[in-house]
Each structure stands twice: as structure tokens, then as C-alpha cells.
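Right, one structure below, let's go through it.
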Amino acid sequence: MKKISVDLLDVKIRPAKVLLVLVSIGGGILVSSQWRTRIVRVVNPIQPYTSLTVTRDALTEEQSRLKSEIDSITKSIASRTKDLGIANQVDKAIVQESSAVLELAGLTDVQGEGVKIILDDSTSYLLQEQSIAHAADIRDIVSLLKRAGAEAISINGERVVTTTAVDCIVNTILVNETRISNPFEISAIGDKDLLHRVLVDKAILQDLHKRVSSDGVVYQVTKENDILIKAHSGGLPGVNAKVSI
Amino acid sequence: MNENRIKWEFFATALLLGVLIVWQMNTKDSLERAQNPEVQEVVAVEVARLTNANSDLRKELADLSNEEYNLAQVLNNKAKAEESIQSKQEKAEILAGNKPVVGPGIELVIYNEVSIPQLIDLLNALMNIGAEAISLNNVRVTNQYSVWGAELKPPYTFQAIGGPAALSTSLTRRGGVVDQIEASSGALEFKLEEKNQLSLPAGDVRDFKHAKTVEINE
């Protein structure tokens, strides 16, 4: 009788065992909670989201392939057109005029001196509205570059043409309807000294310069002697607009 | 010995519990993210825009294939080859803005003073919703145009060629650019009209001094 009583007491007072029981109960609750999360749903709420993201990824891949095909066929046409002009198989004046307009429109690869700008979210401050790079910052930089005479501009490889929009859907930035992600690299061909001067002038782009110094937004401008900017490979206007004769 | 066993049991159970907690939290996060209407809406918008963009790219590719074919047939039909080159040139001229253009679209007149960033946003919004050619206060917006230093004063008259209904609806929709400007600067006094025919002037487009076209050697 005495022996039994001691054993029971021994079991009751061992804190490790009590803890083990509590932990096991906790584990049991979590397992059943997890189990219930998985099986009781009649309609899987993740399915529409997964389906959307899979579709988005497939469309992004298709977009990249189409752009690559357009780039390749555009180069082939340019080369063929030039050869036909040289061989007088088509009117040489037509070829020359066409080539000049294609260049102005941003439909040829171009090369020259200029600047490169790196714009990124802060790496040293908590990420919040003031410390991240926005689509509006890119728009302001592009607009300023144009004002300073930039002849060709690209954002993460996307050529900026007259109809280019830099848009933002929550945290996704789209340029020419193509998703880009940070760090953003903006390249511009033009007078490198002038472009550099306006970009680092703290009296211009005041909001961005303020966020660089107080919130850690990354903004680096470097002069470059030779930049290559690829041709625009998106769709062209002409559905509603017609050249007036 | 028995004490050691209990220690190991305790360690194993605690480890399992830790794994379960993290598993549960991850599942909860992933469910919340997937069920968040805002996140789903963003992806849905991206899908819709990519679908439209890819449709435009496919059309562009078909046009280019046609042009390539016409150039290949130059010995049989020189006129067709030249027509093909000029057709591409016309599209490039609309894009470059060096020729006057006509077409349907909208006219937006804003009578209040707005800031330069807001003007940039307005132009960007018009391009984003499919404007093919734009003028601001009768000056053609080209790839060399900038509102910085343009010395603009109200009223600001935007003329944009594109689908009139789509442009008009997108500009004034809830959360659209006009709504955003009103939210930050107060009510805007503006007039928006759909037009069957607009006529936009040619822009001042300078030849390149620094950028040189890369020669293609095939």
C-alpha cells in the first residue's frame, strides 16, 4: 500500500513529464488544426490564385518569346531592306528615309555615350513608402532625361518610346506592358556630362534626393562612354492614328 | 538512463512542435495570401494586360512576317516591296511624332493649376490606356518631349488619339489618374469630350547626335 502511493506521487511531481504531456497536447492541437485546414474545405481557395499565377507565368514566357521573334525578324528585315537599296532593287531614297524614321522612333539598336542610373529600395532602412523605389521615380527620371536631351533611354532593357508607359500595379512595375523588378537600371544615350549634371542636381528631383539621404533609397548615376540600347520590340501604333497628308 | 531518455523524448517532441508551428504559420500565410482579394485582383489585372499585350505582339509579328515575305518577292513585285517599307515607315512616323496625325480620340481640358509630376502622370496614364499619339497645349508629345521646362500654364489641353470610349472611361474611372490627382490636390475643374476626329501637329524631332544605329551584318 505504501509502495503504490510513493509511485503515484513520483509520477505526479516530475515536471519534465508534465511538460511533455502539455507539449504533446499542443502538438496534437496543431496536427488536428493542420489536418482540418487541409480536408474540410469543399472548394480549395488556393486553386484560383494558383491558376492565375500559372497563367501569368505562361503569358510572361510567351511575351518574352514573341519579343525575341520580333527582334530577330526586325533585324532580318532591316538587313534585307538595306541590301535591296544598295542593289537598287527598291528606290534608294525610300530605304534611306525609312531608316532615318525607324531610328528616331526607337526601332533600331543604338550605341553611344551617356549615363547609367541604378535605382533601388533601401538596403539599410525598414522598407516603407519613403524607402522604396517607385514607378513615379522612374517616370520623373525619364522625363528629366528627355528634358536634358537624351536620345535613347531604356529601363531594365525595355526601350522607352513615345508610347511607353511606366505603370505600377501594387508592387509590380510594368514598362511597355513588361514586368520589371528592382534594382532598376536606366540607361540613356546623350551628352553624358549634361545628363549626369541634371541627375545629381539636388535642386531637381528634390523628393528623390531627399529620400536618398534620409531613407536610404539607392540612386547611383555613372557616366558611360559606350552604351548599347536595344530597339523597341513591342507593338506599333496605327490602329486609330493615321499620318495626315 | 531513464532521465536521459526523458530528455531525448522532450527534445524530439519540442522539435516536432516547432516544425508544426512553422508549418501551421506558413499554411496560414499562404492561405491568407491566396484568399486576399487584393492579391488575386493584382494577378488578374496582370493576366488581362499580358493577354492584350501578347495579342498586340502577335499582330506585330504577323505584320513583320508579311513585310519580310513582300521583301523576298521583290524581283516579282517591286511596288509591293516598296509599299511594305513605306507602311512600316508610316507606323514609325506616328511613333516618332515627326508628322501630323489624325484619328478619333479624346480631348481633356484641365482648368486648375497642376504640378509637373501630375502632368507627367497624366501623360503616362494616357499612354498606359492605349493613346497612340498625344498633344499637350497643341504641342505634339514625342520621345524627346518633356513637361520639364515646357512652361505650361492652365488650361491644359490634352488631345489623345485612340479608342475614344476606352480612353474616356479609363481616365475618369474610380482610382484612375483624375481620381488620384483629385485625392491629393482637391477637386479638379475639367472637361472631357470624345472626338470622332482629332488633328495633332507634327512634333519638333531632332536628329540624333550621340546615338548611332548599330549596323546589322548578317
When restricted to B:Asn138, B:Asn128, B:Asn112, the only residue within 29 Å of A:Ile153 (Cβ to Cβ), touching a Pro at 6+ places or on another chain (Cβ under 9 Å) and either among the polar types (S, T, N, Q) or more than 8 Å from every other protein chain (Cβ to nearest Cβ) (or both) is B:Asn138
For segment A:139-152 the number of residues that are in contact with a strand residue (DSSP E or B) (Cβ under 8 Å, 6 or more places away or on another chain) and closer than 19 Å to A:Ile227 by Cα is 7
Scanning segment A:110-141 for residues that are within 21 Å of the chain's Cα centre (by Cα) and within 30 Å of A:Ser76 (Cα to Cα), the one nearest to the other protein chains (Cβ to nearest Cβ) turns out to be A:Val115
Scanning segment A:58-94 for residues that are within 21 Å of B:Glu93 (Cβ to Cβ), of a type in the set (A, V, I, L, M), at the interface with chain B (Cβ under 7 Å from one of its Cβ atoms) and assigned to a helix (DSSP H, G or I) gives A:Ile70, A:Ile73, A:Ile77, A:Ala78, A:Leu84, A:Ile94
Of the residues in segment A:102-120, those that are closer than 15 Å to A:Ile155 by Cα and outside any strand (DSSP E or B) number 2
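Could you please find all residues in segment A:187-198 being buried (at least 23 other Cβ atoms within 10 Å of the Cβ) and in contact with a helix residue (DSSP H, G or I) (Cβ under 8 Å, 6 or more places away or on another chain)?
Residues of segment A:187-198 that are buried (at least 23 other Cβ atoms within 10 Å of the Cβ), as a first pass: A:187-190, A:195.
Scanning segment A:187-198 gives A:Ala188, A:Gly190, A:Leu195.
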When every residue in segment A:217-243 that is surrounded by fewer than 19 Cβ atoms within 10 Å (Cβ to Cβ) and part of a loop (DSSP other than H, G, I, E, B) is compared, the one nearest to the chain's Cα centre (by Cα) is A:Lys230
Inside segment B:74-95, the number of residues satisfying the requirement of being part of a helix (DSSP H, G or I) and over 12 Å from A:Glu97 (Cβ atoms) is 10
A:Arg179 passes all but one of the listed conditions (1) modelled with pLDDT of 95 or more; (2) in contact with a helix residue (DSSP H, G or I) (Cβ under 9 Å, 6 or more places away or on another chain); the exception is number (1)
Filter segment A:207-243 for residues that are within 14 Å of another protein chain (Cβ to nearest Cβ) and among the small types (Gly, Ala, Ser); the one that is nearest to A:Asp109 (Cα to Cα) is A:Ala231
By residue number, the members of segment B:162-218 that are in a strand (DSSP E or B) and either more than 12 Å from chain A (Cβ to nearest Cβ) or of a type outside the set (Ser, Thr, Tyr) (or both) are B:Phe190, B:Lys191, B:Leu192, B:Glu193, B:Glu194, B:Lys195, B:Asn196, B:Gln197, B:Leu198, B:Leu200, B:Lys212
Note: among A:Ile189, A:Ile204, A:Ile169, just one is over 28 Å from A:Glu103 (Cβ atoms), facing chain B (nearest Cβ under 10 Å) and in contact (Cβ under 8 Å) with a residue 24 or more places away in the chain, namely A:Ile204
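The values are calculated or read from the model by the stated rules, or taken from the named source; none is laboratory data. Quick caveat: nothing in here was measured; it's all calculated off a predicted structure. We place every Cβ from the backbone using ideal geometry, glycine too, and count neighbours over all the protein chains shown.
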